[in-house]
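To start, the structure itself, in structure tokens.
The values are calculated or read from the model by the stated rules, or taken from the named source; none is laboratory data. The shown structure was predicted, so the numbers you read here are calculated from the model rather than taken from an experiment. Please note: Cβ atoms are built from the backbone with ideal geometry, for glycine as well, and neighbour counts cover all protein chains shown. Side chains included, ligands, DNA and RNA excluded: accessible areas come from the protein's heavy atoms. Shrake-Rupley method; radii C 1.70, N 1.55, O 1.52, S 1.80 Å.
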Amino acid sequence: MKAVHVLNGPNLNLLGTREPETYGHATLAEIEARLCARCNPRGIALHFRQSNHEGDLVTWVQEAGRAGEPVILNAGAFSHTSIALYDAIKAASAQVIEVHLSNIHAREDFRRRSMISPVARGVILGFGAFSYDLALEAFLARAEAAGKP
Ligand code: DQA
């Protein structure tokens with residue numbers, strides 16, 4: 001595994017100050033730094049991005065798919081609405097782990113449905129910022145098991 005893409009959707013740039021009782025106090029920069037510390041010594045590049053625009057996420061999923069590189073995706077509210085992201089993941093045959101900081105099943109009804117889950121390789125949710133770490137560990141373990149650490 002040469003690179004991992006971590007893609008973040010709308011409002012996740014506000015992590016740290018956004019509804020900390022739901023999303024915790026870690027900022028996106030802190031999450032990135034932690035993941036970087038895991039990836040760097042292994043020579044794995046980390047492409048960590050955030051956008052409030054659906055089309056950016058679609059473009060980045062396509063890029064990762066073309067490169068054959070795995071994606072950790074927190075699409076924020078687009079998780080619940082985006083047919084475009086569903087299509088992008090399918091079209092790009094991208095290996096995606098969907099993550100959420102919060103347990104979307106324990107919140108409002110409209111958050112229970114994810115458009116992304118059916119095309120994701122796996123889903124990790126409810127562990128706060130550590131959802132990202134757990135997703136990275138899953139990709140690292142899978143690469144190690146395949147003999148490509
Ligand atoms: C979220 C959950 C979504 O429902 C919400 O719209 C977000 C964050 C999470 O990480 O828990 O923006 O994806």
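For ALA45 and PHE110, the FRET efficiency from 1/(1 + (r/R0)^6), where r spans their Cβ atoms and R0 equals 41 Å, is about 0.70.
Placing unit charges on the Cβ atoms of the charged side chains and taking the dipole of the chain about its Cα centre, the candidate lying farthest along the positive direction among VAL119, GLY43, GLY147 is GLY147.
Would you mind getting the accessible area per residue of the range 56-145, heavy atoms of the protein chains only, 1.4 Å probe, in Å²?
Heavy-atom SASA per residue in the range 56-145 reads 46 Å².
Averaged over residues, the count of other Cβ atoms within 10 Å places the peptides 33-43, 51-61 in the sequence 51-61, 33-43, highest first.
Label positions at SER117 and ARG18, each projected 7 Å from the Cα along the C-beta direction, are separated by 2.1 nm.
Report summary: the helix-based calculation at 222 nm, which adds -39500 (n - 2.57) for every DSSP H run with n ≥ 4 and divides by the residues of the chain, gives -11500 deg cm²/dmol. The largest-to-smallest principal axis extents of the Cα set in the range 35-101 are 37, 26, 17 Å. Thinking of the chain as a set of Cα atoms, what percent of all their pairs are more than 20 Å apart? I get 43 percent for the Cα pairs in the chain exceeding 20 Å.
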